[in-house]
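Participant: Shown below is the structure under consideration.
No value in this document is a laboratory result; all are computed from the given coordinates. Because the structure is predicted, anything quoted here is derived from the model rather than measured. Positions of Cβ are generated from backbone atoms using ideal geometry, with glycine treated the same way; all protein chains shown enter the neighbour counts.
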Amino acid sequence: MPSTRNRGDAVKAEIPRRLHMSILKVQVAENLDWENACARAAVLLDANSQESKRAVELEAQRLYKVRFMKELNKARDTIRDNAWGSGAEHVRKEEDNFRVPCSVCGKPMYFSTLDSIWDQEKAALYETFKKWHHTTCAGT
């Protein structure tokens with residue numbers, strides 16, 4: 001039971017039953033008197049408070065990192081998609097629609113040049129290019 005002695009550093013207060021039982025557990029486990037058990041419980045509460053605060057901070061950091069990585073990956077995908085689209089657009093501007101089907105898979109291979117006599121060369125080179133294939137089709 002709480003001490004009824006009047007001390008300068010003591011406060012008389014009603015405490016919840018659950019807290020009272022926790023202090024009693026500390027008192028029994030460490031063989032302390034009531035005042036020392038209360039002091040020990042205060043230390044334990046403060047330590048748990050700091051640990052709890054640290055755990056909350058770590059969880060907040062983890063959630064932030066997860067969210068950051070999701071946003072970073074979305075940004076990378078957007079940049080990749082936009083770069084691919086603008087690169088393909090650039091190639092389309094520069095090519096002159098000379099396509100030869102791959103001799104293995106049949107998908108078109110694209111050839112382009114800014115050579116002024118490309119139209120004349122195209123007819124002659126078509127026969128040479130028609131046996132070419134994609135590098136990924138080489139093993140099939």
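Participant: Quick check: net charge around Lys25, other residues with Cβ under 15 Å of its Cβ, Lys/Arg +1 and Asp/Glu -1?
Facilitator: Net charge in that neighbourhood comes out at +1.
Participant: Moving on. Quick one: what are the phi-derived ³J(HN,Hα) couplings along the range 68-76, Karplus 6.51/-1.76/1.60 with θ = phi - 60°, whole Hz, x for glycine and proline?
Facilitator: My calculation for the range 68-76 gives 4, 5, 4, 5, 5, 5, 4, 5, 4 Hz in order.
Participant: Add +1 for every Lys or Arg and -1 for every Asp or Glu among the other residues with Cβ under 12 Å from the Cβ of Gln61, and state the total. Can you show the working numbers first?
Facilitator: Values: positive: Arg54, Arg62, Lys65, Arg67; negative: Glu57, Glu59.
Residues near Gln61 contribute +2 overall.
Participant: Working out 0.36 nm times the residue gap between Ile15 and Arg40, then minus their Cα-Cα distance, what length gain in nm do you get to one decimal?
Facilitator: Difference between extended and current length: 7.4 nm.
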